[in-house]
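The values are calculated or read from the model by the stated rules, or taken from the named source; none is laboratory data. It should be emphasised that the depicted structure is a prediction, and the values quoted were computed from it without experimental measurement. Because the Cβ atoms are built from the backbone with ideal geometry, glycine has one as well, and the counts that use them run over all protein chains shown.
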Amino acid sequence: MQQNPMLEQLIEAHLDFLAHEFSQPETVQQEFLHFYHWFRKQHLKDLWSCEQLNALLQKQILDTPASAFLIEQIAEHIRFALVHPVNDSAKIADVIPVLTIDKIAQYVASKSGHRQRLIKTVVSNPAFSAMISQLIQHSIQDYLDNSLIAKSVPGVSRFMKMGKSVLETVTDSSLDSAVSAYLQKNILKLSQMSESVLNQHFDDDKLYHLQANIWHKIKDLPLSVLKNYIEVQDLPQTVALGHEIWDFMRQSDYLKQQLHDGVHAWYVRNQERTFDLLLRDLNIDEALIQQELQQLLNPVIQQMLSQQYLRERARLYLEKFYYSEPAQKILDTRT
């Protein structure tokens with residue numbers, strides 16, 4: 001394309017004008033606000049469809065695996081938070097509000113129906129029955145073998161051993177077998193007794209006070225106690241394990257269906273709303289645009305100007321315009 005001296009002067013003048021205008025902070029602020037004022041009046045359904053949003057989220061959240069660097073950064077940020085020196089001086093009560101803890105305690109304590117069903121499920125589990133049976137059996141055996149009374153009172157130890165041998169003779173089996181058989185025979189009754197005892201010890205009032213007592217014991221502890229329960233040096237492995245679970249879930253048909261239906265339900269509720277209301281749901285309003293986002297955007301524009309990036313991109317389109325046939329016709333009629 002042969003250059004035209006007059007067009008080149010026009011392009012340079014146009015570029016100088018743009019550079020001057022966008023170098024003024026108020027220009028960036030006004031343009032950003034004008035765009036926001038237009039954008040906030042648009043309805044969701046007029047710009048994006050449900051299918052477009054779902055396709056974007058499916059691709060970016062479910063179809064795109066997390067990078068190894070991101071996983072490393074997650075582990076590093078958790079480690080940084082755990083070993084931060086402020087944890088030694090900050091108490092648990094400094095970061096968790098006591099009134100919220102009290103509300104949680106009241107809420108948990110009030111769910112007696114849920115708690116009773118949970119207890120019933122636990123005590124009805126064969127593993128619980130086996131644990132209780134073994135605990136009782138071992139306790140009886142330990143008592144007979146190591147009773148303090150039998151050791152301290154002369155003759156009692158021999159008497160208890162004699163009683164044990166008599167019992168084994170009468171039942172024609174070892175004491176362990178006899179106790180085991182009794183427990184197996186009465187395991188249903190033991191489970192029912194366990195359920196009753198647990199419900200008595202975890203009624204609404206007792207459970208509330210249990211939670212309150214636990215809070216009073218831990219509220220003044222420093223946050224650094226978390227290091228006693230989280231192995232900082234194992235974070236790369238534990239975070240990687242968590243990522244393996246997510247990596248499997250994100251590829252499952254279950255999560256894809258959940259995301260699709262969730263996006264659809266949200267879209268149906270919000271498609272008639274303007275972006276002004278949608279942005280307010282995210283705490284983005286005009287005050288934020290003016291005070292925060294504009295200040296973040298302005299240095300970007302200034303850097304684009306100083307590195308000639310904006311000038312180079314603008315020149316590309318200005319050349320296309322000024323050397324286009326419609327512009328040539330206008331200029332020819334004026335010369």
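Among the residues of the range 263-281, is any surrounded by 13 or more Cβ atoms within 10 Å (Cβ to Cβ), of a type in the set (Phe, Trp, Tyr), assigned to a helix (DSSP H, G or I) and touching a residue at least 24 places away in the same chain (Cβ under 8 Å)?
Yes - at least one qualifying residue is present in the range 263-281.
Take Glu244 and tell me if it is surrounded by fewer than 13 Cβ atoms within 10 Å (Cβ to Cβ), over 30 Å from Val98 (Cα atoms) and touching a residue at least 60 places away in the same chain (Cβ under 8 Å).
no
Kindly check whether there is at least one residue in the range 42-50 that is of a type outside the set (Lys, Arg), over 35 Å from the mean Cα position of the chain (by Cα) and either more than 30 Å from Gln308 (Cβ to Cβ) or assigned by TED's automatic domain parsing to the domain that holds Gln328 (or both).
No, the conditions are met nowhere in the range 42-50.
Which of the residues that make up the range 257-295 are at pLDDT below 95 and among the basic types (Lys, Arg)?
Correct list: Arg280 only.
With the range 62-120 as the region, which helices (runs of 4 or more DSSP H) entirely inside it contain at least 3 residues that are of a type in the set (Val, Ile, Thr)?
68-83, 98-110
From the list Ala105, Ala93, which residue is surrounded by 14 or more Cβ atoms within 10 Å (Cβ to Cβ), hydrophobic (A, V, I, L, M, F, W, C) and under 30 Å from Glu195 (Cβ atoms)?
Ala105
With His20, His77, His37 as the choices, which residue is of a type outside the set (Lys, Arg), exposed (fewer than 14 other Cβ atoms within 10 Å of the Cβ), under 24 Å from the mean Cα position of the chain (by Cα) and at pLDDT 90 or above?
Of the residues listed, the single one that is of a type outside the set (Lys, Arg), exposed (fewer than 14 other Cβ atoms within 10 Å of the Cβ), under 24 Å from the mean Cα position of the chain (by Cα) and at pLDDT 90 or above is His77.
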